[in-house]
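Colleague: Pasting a structure here, questions to come.
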Amino acid sequence: MTLFLPQQPGTVLLVGAGPGDLGLLTVTGLRALERADVIVADRLGARSVIDQLETERGAPLDAQIIDVGKQPGHHPVPQSGINDILITQAKLGHRVVRLKGGDPFVLGRGGEEVIACRAAGVDVRVVPGVTSANSVPAVAGIPLTHRGVATSYTVVTGHDQLSEIGGGRDHTVVVLMGVGTLINSAMVLARSGRGDDCPVAIVEDGFGENQRVTIGTLGDIAFRAARRGVRSPAVIVAGDVVTLSPYADGAFTQATEPAAAHASELVRNP
């Protein structure tokens, strides 16, 4: 059965809200929100998309909105509670949309929610979203791979074992939820083969009103972030691809000449 049929009562759709810009929500996700009876929404990305959609419509959505947003160190509704909400609302015969920031299956615990729903006999499907791991670096002009600069990348959280990530500066590392562990993460990545002079970018509030980019190296990024008061939500990118960003123009003496040249060109012609 195709995913793109209208959602039936008594089912759950896990919808990726993307990084928080309504324009990056998929058409399927948009239609699901407009038809939903209940929306169980995260804080990051999801709430912003709902607000923008209601502003564009000039009226609130018809659905009941249940806020289960988490903040660093504060989870008012535990994951088990979220699972219970989805199952209960679906068994009441509602069209339930679980609106999750980014993509449900990229460090979003979407798999856990799918397993819980299926175990309870609830029909559940996933509508992929644009993950912040790709989109937020892109808004800062940073491709995660680039010919002659990087051919692969890894997405992790600031709580993962960064020392186990292989490769050098040509293997891009994207760290989500990593502001609180920035000092340790930078030290681990530098010692694991990338070196203190490896370029780093921190993109705060990607696609939001307070979007800001901080450029540095693994050796000094923690100092620069502290001096600028960098805060979550933010995406951290480490690797030579950072030199391609217009925000990095002139910040590095880069052995890869095409990268530095391209960064200068981006600044002249943004």
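The numbers here are math on the coordinates, done by the rules we state, and not lab data. Bear in mind the structure is a predicted one, so any value in this text is a computation, not a measurement. Note that we place each Cβ from the backbone using ideal geometry, even for glycine, and neighbour counts take in every protein chain shown.
Colleague: How high is the relative contact order of the chain, given as a whole-number percent (alpha carbon pairs under 8 Å, six or more residues apart)?
Modeller: 18 percent
Colleague: Label-point separation (nm) for Ser80 and Arg109, each offset 7 Å from Cα along Cα-to-Cβ?
Modeller: Roughly 1.2 nm, to one decimal.
Colleague: To the nearest 0.05, how large is the calculated FRET efficiency for Arg224 and Arg147 if R₀ is 22 Å and r is the Cβ-Cβ distance? All intermediate terms of the calculation are to be shown ahead of the outcome.
Modeller: On the way: r = 29 Å, r/R0 = 1.32.
The computed FRET efficiency comes out at 0.15.
Colleague: As I understand it, the dipole of the chain uses +1 on the Cβ of Lys and Arg and -1 on the Cβ of Asp and Glu, about the Cα centre. Which of Gly193, Val124, Thr26 lies farthest toward its positive end?
Modeller: With unit charges placed on the Cβ atoms, the residue in question is Val124.
Colleague: Here's another thing I want to ask about it. Going by a ≥ b ≥ c, the root eigenvalues of the Cα gyration tensor, does region 21-109 fall in the rounded group (a/c under 1.5), the prolate group (a/b larger than b/c) or the oblate group? Walk me through the numbers on the way to the answer.
Modeller: Working: a/c = 1.68, a/b = 1.20, b/c = 1.40.
Judged from the Cα gyration tensor, region 21-109 comes out oblate (a/c at least 1.5, b/c at or above a/b).
Colleague: Could you work out the helix-only [θ] at 222 nm for the chain, with each DSSP H run of four or more residues adding -39,500 (n - 2.57) and the total divided by the number of residues, to the nearest 500 deg cm²/dmol?
Modeller: -8500 deg cm²/dmol
Colleague: Now for a separate question. Select from Val49, Ile115, Val77 the residue farthest towards the positive end of the dipole of region 43-139; place +1 on Cβ of Lys and Arg, -1 on Cβ of Asp and Glu, and compute about the Cα centre.
Modeller: About the Cα centre, the residue reaching furthest to the positive side is Ile115.
Colleague: Same structure again: Given charges of +1 on the Cβ of Lys and Arg and -1 on the Cβ of Asp and Glu, with all other atoms neutral, how large is the dipole of the chain about its Cα centre, in debye to the nearest 20?
Modeller: Numbers: 23 positive and 27 negative charges, 56 e Å.
In total the dipole reaches around 280 debye.
Colleague: May I pose another question? Given contacts defined as C-alpha pairs under 8 Å and at least six residues apart, what's the relative contact order of region 1-125, whole-number percent? Let's see the in-between values first.
Modeller: Values: 223 pairs, mean separation 49.8, N = 125.
After rounding, I find 40 percent.
Colleague: Here is a further query. Report for the chain the percent antiparallel among DSSP-assigned beta bridges with both residues inside it, nearest 5.
Modeller: Working: 18 of 43 bridges.
Just about 40 percent of them are antiparallel.
Colleague: Give the relative contact order (percent, whole number) for region 100-208; include only Cα pairs under 8 Å separated by 6+ residues. Write out the running numbers ahead of the final one.
Modeller: On the way: 111 pairs, mean separation 23.3, N = 109.
After rounding, I find 21 percent.
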